[in-house]
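Peer 1: One structure, pasted below without further comment.
The values are calculated or read from the model by the stated rules, or taken from the named source; none is laboratory data. Everything numeric here is computed off the predicted structure, so don't read it as measured data. Backbone-built Cβ (ideal geometry, glycine too); neighbour counts: all protein chains shown. Surface accessibility is based on the protein's heavy atoms, side chains included, excluding ligands, DNA and RNA. Shrake-Rupley method; radii C 1.70, N 1.55, O 1.52, S 1.80 Å.
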Amino acid sequence: MLFQNTVLDGKKTDLRLEDGRVVAIGKLASIQGEEVVEGGMITPPFAEPHVHLDAALLGARKPNVSGTLTEGIRNWAELRPTLTAEDVTARARETIEMYASWGTLRIRTHVDTGNLIAVEALCALRDELDDIELQVVAFPQEGILRAPGRREDWERAMALGCDAVGCIPHFERTTEEGWETVRMAFALADKHDKMVDLHCDETDDPGSRNLEVVCAETLDRSWKNRVIAGHCTAMHSYPNPYAAKVIELVRASGVQVVSNPLDNIVLQGRYGGYPRIRGHARVDELWAAGCSVGIGHDSVQDPWYRLGTANMMDAAYMLVHYAHLTGEDQMRKAFRALHHDNHLCFGGPPRVVAGERAQLLWWPSADPIDLLRDRPRPRVFRA
Ligand code: FE2
């Protein structure tokens, strides 16, 4: 098929697909009988840097009556021991197909290391998938040092073949123990030659200061582009001078911050009554400092957030609203994050070039602001 007058990398061009490959880009005449699509825009597929497939689609099985983070954690703790490999795999497959239908062909999932059956199931699914790239992060949902056995499960999950080491330092018992788990996570990643991807400071507590330790470890090891800090919502409540210091550390270290706007807008800011604060990473200030920022969806109908659609555009749409990113360039940057910055953990954004297999999206408009407003389903090519 032939795309004509279609925007690619900011310029209008023509592009031909044949037998699942991009065969030509440039000024092209149509061949008799081929399908011709006029206009619109082509982008690389989206990437999802942060979701929990082991918990996806479980929200209805034990409803979160209060809608809070704490009840979500409680419900998950009840559901987790009941999971079978078949159940985890079936829900993960269904969720992955939801993602793919909205244009996401690379997915990084966290998996709770408190259930090694789920760890094995998702690693096996990753190895089986062909046109979807899946990565699995060993995520100790209930901490590493809070109870005996958790560290062993976490280390076992890495030995089972996870792609990145997770941790949750703000959930450990003390500040010092939180910092210790950050250092343990880097050491474990070093041992397995893997990446680090933490749930970092996912709290409204301005005293939660693990991100600076993450940055310091990253700097000391020169691990630029190898470390992701997810959530970082405490940053919202940091005093401004401290926020400026830590954002500069993020920039210097090359840590990527992944904001998860759909969950954070409903789970943060629950302690203070009115006026209600928002709890989110300071994406505008991170961008202004030159930091890399990803946008995650985090929850697809799981115990924490029932409204997840697996459409990454919904996450970007929420972010631009609640983080005041409705400047023209900011909205375009949010759209670009989905097909560019979000690919960092997969080795960088794929390029749409002649000779490569056709993994790309066609959009009915060339204006990302139209697309963010309407959030249409793209035409997805997933050779
Ligand atoms: Fe998460």
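Peer 1: For the full complex of protein chains and a 1.4 angstrom probe, list V119, V266 by accessible area with the highest value first.
Peer 2: Values: V119 0, V266 50 Å².
Putting V119, V266 in descending order of accessible area: V266, V119.
Peer 1: Ok, one more. Need one value: the accessible area of I25 in square angstrom, 1.4 angstrom probe, rounded to the nearest 10.
Peer 2: Solvent-accessible area, nearest 10 Å²: 70 Å².
Peer 1: Order E128, E142, most accessible first, counting only protein heavy atoms with a 1.4 angstrom probe.
Peer 2: In descending accessible area the options line up as E128, E142.
Peer 1: Can you give the Rg to Rh ratio of segment 167-282, both from alpha-carbon atoms, with Rh computed by the Kirkwood formula?
Peer 2: Looking at segment 167-282, the ratio lands at 0.97.
Peer 1: Would you mind listing how long segment 55-107 runs along its three principal axes, going by Cα atoms, in whole Å with the largest first?
Peer 2: Here the Cα extents, ordered largest to smallest, are 32, 24, 16 Å.
Peer 1: ³J(HN,Hα) across segment 368-383 via Karplus (A = 6.51, B = -1.76, C = 1.60, θ = phi - 60°), whole Hz, x for Gly/Pro?
Peer 2: Result, rounded to whole Hz: x, 6, 4, 5, 5, 5, 8, 6, x, 7, x, 7, 9, 10, 9, 5.
Peer 1: For the residue pair H192 and D284, what label-to-label distance in nm results when each label sits 7 Å from Cα along the Cα-to-beta-carbon direction?
Peer 2: 3.9
Peer 1: Could you work out Rg/(2.2 N^0.38 Å) for segment 193-233, with Rg from alpha carbons only?
Peer 2: Against the compact-globule rule of thumb, the ratio is 1.18.
Peer 1: Using a 1.4 Å probe, what is the accessible area per residue for segment 199-317, in Å²?
Peer 2: With all protein chains present, segment 199-317 gives 36 Å² per residue.
Peer 1: Just want to confirm a number: the relative contact order over the chain, from Cα pairs under 8 angstrom separated by 6+ residues, in percent.
Peer 2: 21
Peer 1: How much of the DSSP bridge set in the chain is antiparallel, in percent, rounded to the nearest 5?
Peer 2: 35
Peer 1: Would you work out the Kirkwood radius for segment 244-383? I mean one over the mean of 1/r across all pairs of different Cα atoms, in Å.
Peer 2: One over the average 1/r among Cα pairs gives 16.4 Å for segment 244-383.
Peer 1: Would you mind checking the pairs K224/K333; K12/K333; K11/K245; K224/K245 and listing those with alpha carbons more than 30 angstrom apart?
Peer 2: With Cα atoms farther than 30 Å apart: K11/K245.
Peer 1: Would you mind working out the magnitude of the charge dipole of the chain relative to its Cα centre, with +1 at each Lys and Arg C-beta and -1 at each Asp and Glu C-beta, to the nearest 20 Debye?
Peer 2: That gives a dipole near 560 debye.
Peer 1: Still on this structure, please answer the following. If each residue of separation counts as 0.36 nm, what is the full-extension length gain between E78 and R382 once their alpha-carbon separation is subtracted? Intermediate values should be presented prior to the final figure.
Peer 2: Details: separation 304, 0.36 × 304 = 109.44 nm, distance 3.70 nm.
Stretched fully, the E78-R382 segment lengthens by 105.7 nm.
Peer 1: In the calculated pair distance distribution of segment 260-336, what percentage of Cα-Cα distances lie above 18 Å?
Peer 2: So the portion of pairs separated by more than 18 Å is 42 percent.
Peer 1: Once the dipole of the chain is set up with Lys and Arg at +1 and Asp and Glu at -1 on Cβ about the Cα centre, which of N225, M98, A56 lies farthest towards its positive end?
Peer 2: Checked the options; the winner is N225.
Peer 1: A further question follows. By accessible area of protein heavy atoms, probe 1.4 Å, what ranking do K333, K12, K194 get, highest first?
Peer 2: K12, K333, K194
Peer 1: Then there is this: Tell me, what ³J(HN,Hα) does each residue in segment 324-330 have, in order and in whole Hz, if you take phi through Karplus 6.51 cos²θ - 1.76 cosθ + 1.60 with θ = phi - 60° and put x for Gly and Pro?
Peer 2: For segment 324-330, the Karplus-derived couplings read 6, 10, 9, x, 3, 5, 5 Hz, x marking Gly and Pro.
Peer 1: Just how large is the dipole of segment 233-383 about the Cα centre, in debye to the nearest 20, putting +1 at every Lys and Arg Cβ and -1 at every Asp and Glu Cβ?
Peer 2: Working: 17 positive and 14 negative charges, 38 e Å.
Charge dipole of segment 233-383: 180 debye, to the nearest 20.
Peer 1: Report the accessible area of M158, computed with a 1.4 Å probe over the heavy atoms of all protein chains in place, in Å² rounded to the nearest 10.
Peer 2: That residue has around 10 Å² of solvent-accessible surface.
Peer 1: Continuing with this model, one more query. Local charge sum around G161 (other residues, Cβ-Cβ under 12 Å, Lys/Arg +1, Asp/Glu -1)?
Peer 2: Spelling it out: positives minus negatives among the neighbours equals 0.
Peer 1: Can you give the calculated 222 nm mean residue ellipticity of the chain, where each DSSP H run of n ≥ 4 adds -39,500 (n - 2.57) and the sum is split over every residue, rounded to the nearest 500 deg cm²/dmol?
Peer 2: Here the helix-only value at 222 nm equals -11000 deg cm²/dmol.
Peer 1: Over the heavy atoms of R183, what accessible area does a 1.4 Å probe trace out, to the nearest 10 Å²?
Peer 2: Its accessible surface works out to 110 Å², give or take rounding.
Peer 1: Expressed in nm to one decimal, what extension gain is obtained for the pair T13 and N240 from 0.36 nm per residue of sequence separation less their Cα-Cα distance?
Peer 2: Answer, rounded to one decimal: 77.2 nm.
Peer 1: Which length gain, in nm to one decimal place, applies between E71 and E176 when the Cα-Cα distance is subtracted from 0.36 nm times their residue separation?
Peer 2: Numbers: separation 105, 0.36 × 105 = 37.80 nm, distance 2.64 nm.
Separation in residues times 0.36 nm, less the Cα-Cα distance, equals 35.2 nm.
Peer 1: If each of V23 and D131 carries a label point 7 Å out from its Cα toward its Cβ, how far apart are those two points in nm?
Peer 2: In this crude label model, V23 to D131 measures out at 1.8 nm.
Peer 1: At q = 0.07, 0.09, 0.14 Å⁻¹, what log₁₀ I(q)/I(0) does the chain have when each alpha carbon counts as one equal point scatterer in the Debye sum?
Peer 2: These q points yield log10 I(q)/I(0) values of -0.31, -0.50, -1.20.
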